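Derivation of every value follows stated rules applied to the coordinates shown; laboratory data play no part. Fair warning: this is a prediction, and the values are worked out from it, not measured in the lab. All Cβ positions, glycine included, derive from the backbone under ideal geometry; neighbour counts span all protein chains shown.
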Amino acid sequence: MGRIPKAFRDNNILFYYGKTDGWANVANNAQLLKANLLRLVETTGTKNLT
């Protein structure tokens with residue numbers, strides 16, 4: 001994983017990965033990110049993404 005996710009977990013900070021594609025263009029990654037954020041809102045019921 002990496003140091004940043006480990007530090008978040010160690011400090012009880014909730015985070016999610018964007019799951020974008022490192023080789024995709026900006027438009028395609030924007031669509032992936034939007035879909036993932038909408039799914040996150042639906043599954044968690046959150047009203048604020050910061």
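Tell me, what ³J(HN,Hα) does each residue in the range 25-39 have, in order and in whole Hz, if you take phi through Karplus 6.51 cos²θ - 1.76 cosθ + 1.60 with θ = phi - 60° and put x for Gly and Pro?
Once θ is set to phi - 60°, the couplings for the range 25-39 become 7, 4, 4, 5, 5, 5, 5, 4, 5, 4, 4, 5, 5, 5, 5 Hz.
Rounded to the nearest 500, what is the chain's calculated 222 nm mean residue ellipticity when only DSSP H runs of at least 4 contribute -39500 (n - 2.57) each, over all residues?
Theoretical 222 nm ellipticity from helices: -17500 deg cm²/dmol.
Excluding L40 itself, what net charge comes from residues whose Cβ is under 14 Å from its Cβ, given Lys and Arg +1 and Asp and Glu -1?
Within the 14 Å Cβ shell, the charges total +3.
Expressed in nm², what is the orientationally averaged projection area of the convex hull enclosing the Cα positions of the chain?
Here the figure is 4.3 nm², rounded to one decimal.
Please list, by residue number, every one of the trypsin sites (Lys or Arg not before Pro) in the chain that is coil in DSSP and has at most 13 other beta-carbon atoms within 10 Å.
Qualifying residues, ordered by number: K19, K47.
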